[in-house]
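The values are calculated or read from the model by the stated rules, or taken from the named source; none is laboratory data. Note that the coordinates shown come from a computational prediction; the quantities given were computed from them, not determined experimentally. Cβ placement follows ideal geometry from the backbone for every residue including glycine, while neighbour counts extend to all protein chains displayed. Note: accessible area is taken over every heavy atom of the protein model, side chains too, but ligands, DNA and RNA are not part of it. Shrake-Rupley method; radii C 1.70, N 1.55, O 1.52, S 1.80 Å.
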There are 2 protein chains.
Amino acid sequence: MRLSPRHPRYTSLRVRARLADAHRRGVVVPEGLIAQGRGEAFDYLLGERSSPSARRAERVAAEWLLAARHPVVSVNGNVAALAADEVAGLQRAIPALSVEVNLFHRTGPRARAVARALRVAGVPRVLGVRPTATIPGLPSDRARVDRGGILRADVCLVPLEDGDRAEALRSLGKRVISVDLNPLSRTSRAADLPIVDEVQRALREIARVAIVRRGRATPSRMPPFDRRAALADALATIARELSRAAARGPIGRPRRPASRRRSRGSGGRSRRTP
Amino acid sequence: MRLSPRHPRYTSLRVRARLADAHRRGVVVPEGLIAQGRGEAFDYLLGERSSPSARRAERVAAEWLLAARHPVVSVNGNVAALAADEVAGLQRAIPALSVEVNLFHRTGPRARAVARALRVAGVPRVLGVRPTATIPGLPSDRARVDRGGILRADVCLVPLEDGDRAEALRSLGKRVISVDLNPLSRTSRAADLPIVDEVQRALREIARVAIVRRGRATPSRMPPFDRRAALADALATIARELSRAAARGPIGRPRRPASRRRSRGSGGRSRRTP
């Protein structure tokens, strides 16, 4: 399909085309495409930009990841398709960060395709292609992790994670940092540090802050984070965007192009609601 | 993947599995899966039930379709995958209703797969597999319709329709009834009668009302519909559901199962935010 940059939804159409392409390459599963749509809807409702509250969460996330002994970022098919470059950038900003492939719908070829996408983006070492451990509390196919990665991590960054797994990681006593556009999702609710933001924007901001902070002394402790306030802020942002949208009249009809004003259909009649 | 009926999102997981299956059969395109996710998010925010305002819209839609000279329902891949049975039921309830395949991403095999799904569900005659006309104002591949169907229709029911096409149909002077869970979408804004509801629920309700109304004299005119009020109601419903969700404390963490309370990870430490 041709995409015109003047299309009112050009950016999201481009991201969709990218996901559909990653799907054809075996990186993204059908369920991942549906999840992308859910994210799109929430991003739309959040105004498609990082809120001040999300940026605060991203700053704290950077400090947690810098202060961690074994920080790990978990990468699934959607993260690889949407933000492989951002994962590579984050790993450069936080050299201690391990990058681990972690798939909900795992097959060998898919794990290798995700790892390949990460390596192409510049990640030097990718864990999790051949898992060496399992975490308890999950169906076996979704529990497989790397002994030197997620299993021993103290801080896990889990962008676009499934609720069951976020809860399982938390049950293991790990600090969980989620990136999820739905503030009501089980993942956002389970996380110690829920970031309600789009994954590219979130990872870029964490990396940016980490580079600034690295110049200073290494933080020895992890600053506190008010997760309830962060989730309440996200809900308030959505409510505010909704009333703003209603007020600026998106309910009004889009302008009809002048060239199409004449009715040309054989069943034509006035389109005005009586 | 195994699906447990006790999973908190069992119903939507089942619908997702159904869409993914329709995708493997060539009925649904990747972009359709992403669109499904957007719909899911809005349905979630609408409380996953038909609002009183949506039911009013569905009643008026039934009257418009019964009063129309040439009513047509346009069926794309997602509609066929989600609601082929409901399309067949609607066609039985409104015998004058034509059923036309209308695809955004059209290929011959896909058009035939969608038509097959409709015939299996009990639709006796399916238009649009070999389009015989084009409508103006759209890129050629998306403009192709049936001369005896959408081209001459006076009332078009377009569930899960794309914004450009909804606007093009309206520019042709047709009355457009949309079914779209996003009250802010271009489709909802372009429609004469926007139904903000899930497609299965919407089509079932329209069919139910049509059967009741058919017993009476055939309506000779189409009752008025306040589309602005309908869209404003949908936004108000979302805002209300959000504050309800915030109030009943979904921000609180999901209960941790007792059996998983002990930390078992080597990197374990308290999961409490400091």
* Asked: Heavy-atom accessible area per residue, the protein assembly as shown, 1.4 Å probe: how many Å²?
  -> 42 Å²
* Structure fact -> The long-range amide H neighbours of A:T134, using H built 1.01 Å from N in the peptide plane and a cut-off of under 5 Å, are A:V145
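Within chain A, what whole-number % of the accessible surface is contributed by carbon and sulfur, with the 1.4 Å probe and all protein chains included in the calculation?
On the way: 5620 of 11430 Å².
Roughly 49 percent of what the probe reaches on chain A is carbon or sulfur.
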* Asked: Any idea how far the Cα center of region A:95-131 sits from the one of region B:17-41, in Å?
  -> 26 Å
* Just grab the label-to-label distance for A:E48 and A:R116, each label 7 Å out from Cα along the Cβ direction, in nm (one decimal). => 3.2 nm
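Can you give the calculated 222 nm mean residue ellipticity of the protein assembly as shown, where each DSSP H run of n ≥ 4 adds -39,500 (n - 2.57) and the sum is split over every residue, rounded to the nearest 500 deg cm²/dmol? Walk me through the intermediate numbers first.
Numbers: 18 runs with 258 residues, N = 548.
That calculation yields -15500 deg cm²/dmol at 222 nm.
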* Asked: Measuring from the lowest to the highest alpha carbon on each principal axis, how far does region A:112-154 reach, largest first, in angstroms?
  -> 33, 21, 13
* In the B-A interface, the accessible area buried, summed over both sides, Å² (probe 1.4 Å) -> 7300 Å²
* Who wins for biggest fluctuation among B:P183, B:P131, B:P139 in a Gaussian network model of chain B, springs between alpha carbons below 10 Å? -> B:P139
* When the Karplus curve 6.51 cos²θ - 1.76 cosθ + 1.60 is applied with θ = phi - 60°, which whole-Hz ³J(HN,Hα) does each residue of region B:62-73 get, with x for Gly and Pro? -> 4, 5, 4, 5, 6, 7, 5, 7, 10, x, 9, 10
* To do: For region A:42-90 and region B:152-214, compute the distance between their C-alpha centroids and round to whole Å.
  => 38 Å
* region B:1-132 - charge dipole about Cα centre, Lys and Arg +1 at Cβ, Asp and Glu -1, debye rounded to 20 -> 380 debye
* Calculated from backbone phi, Karplus (6.51, -1.76, 1.60) coupling profile of region A:106-117 in Hz, x at Gly/Pro -> 8, 9, x, x, 5, 4, 5, 5, 5, 4, 4, 4
* Structure fact -> Non-local residues with an amide H under 5 Å from the amide H of A:G128, with H modelled 1.01 Å from N and Pro and chain starts lacking one, are A:V101
* To do: Using amide H atoms built 1.01 Å from N in the peptide plane, name the residues 5+ places from A:S98, or on other chains, whose amide H lies under 5 Å from its own.
  => A:V72, A:V73
* To do: Take the Cα pairs of the protein assembly as shown, get the Kirkwood Rh, then feed it into Stokes-Einstein at 37 °C and 0.692 mPa s and tell me D in µm²/s.
  => 133 µm²/s
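R0 = 51 Å: FRET efficiency of A:V212 with A:S140, Cβ-based, nearest 0.05? Don't skip to the answer; put the middle values down first.
On the way: r = 42 Å, r/R0 = 0.82.
That gives a FRET efficiency of 0.75.
Take every residue in peptide A:64-70, count the Cβ atoms of other chains within 10 Å of its Cβ, and give the average of those counts.
1
Counting each pair of different Cα atoms once, what's the Kirkwood radius of region B:55-164 in Å, rounded to one decimal? Walk me through the numbers on the way to the answer.
Numbers: mean 1/r = 0.0717 Å⁻¹.
For region B:55-164, the Kirkwood estimate is 13.9 Å.
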* Asked: Which whole-Hz ³J(HN,Hα) couplings does region B:83-88 yield from phi under the Karplus relation 6.51 cos²θ - 1.76 cosθ + 1.60, θ = phi - 60°, glycine and proline marked x?
  -> 8, 4, 4, 5, 5, 5
* **Enclosed volume per residue, in Å³, of the convex hull spanned by Cα atoms of chain B** => 171 Å³
